[in-house]
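Notes follow once the structure below has been shown.
The values are calculated or read from the model by the stated rules, or taken from the named source; none is laboratory data. Because the structure is predicted, anything quoted here is derived from the model rather than measured. Cβ sites come from the backbone with ideal geometry, for glycine too, and all protein chains shown count toward neighbours.
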Amino acid sequence: MALKVTKVDVWAVEFPDEPGGLAKILASLAEAGANLECIIARRQADKFRAGVAFITPLKGKKVLAAAKALFVQPAEDLSTLRVEGLDKQGSCAAMTLAIANAGINMRGVSSMSCGRNFVAYIGLDSAADADAAVKILKKFDAPKLSPKRKLARV
């Protein structure tokens, strides 16, 4: 199975780091009809009692209106790829190695497996970096990814 690589819009929102802080935002988006594929949320180390969530996708007038009311904004200066493929040992290592060997720095990676497949979200600094990473990743076939290759740059 070849890797399926798509660019996705990611949205960000700060929320109070307290019980229910994130749940209130997600519930409001769900009530508006949002069907989120990815949620990454965490505390902010530099802000007292504050969390941040990155979510995707937000589609439709009602969902976008609810997002605006909740101060959910497009994530600034972040280009994100959604990568899906057959879950094999070392797949994420090989993908990140290939991107690194092309001289591309990643802002963040989140990856999870479910059954026989994995889904990864890779955050990059620019649209140009995302375009280059797409070309690199589309050359791979997930079962042929090898984490044993060495990092070209040190």
Query raised in the report: List the pairs whose first member sits in segment 24-35 and is assigned by TED's automatic domain parsing to the domain that holds Lys62, whose second member is of a type in the set (Phe, Trp, Tyr), and whose Cβ atoms are under 7 Å apart, counting only residues at least 6 apart or on separate chains?
Result: Ile25/Phe15
Query - Counted residues, segment 1-26 - those being surrounded by 12 or more Cβ atoms within 10 Å (Cβ to Cβ) and among the small types (Gly, Ala, Ser) - result: 3
Query raised in the report: Among the residues of segment 22-33, is there at least one that is closer than 20 Å to Val8 by Cα, out of contact with any strand residue (DSSP E or B) (no Cβ under 8 Å at 6 or more places or on another chain) and hydrophobic (A, V, I, L, M, F, W, C)?
Result: yes
Query raised in the report: Is it the case that segment 63-83 has a residue that's surrounded by 15 or more Cβ atoms within 10 Å (Cβ to Cβ) and of a type in the set (D, E, K, R)?
Result: yes
Report task. Looking at (1) under 18 Å from Leu137 (Cβ atoms); (2) not assigned by TED's automatic domain parsing to the domain that holds Asn117, find the lone condition where Phe48 falls short. Result -> (1)
Report task. Test each condition in (1) surrounded by fewer than 19 Cβ atoms within 10 Å (Cβ to Cβ); (2) modelled with pLDDT of 95 or more; (3) outside the structural domain of Lys24 (by TED's automatic domain parsing) for Ile104 and report the one that comes out false. Result -> (1)
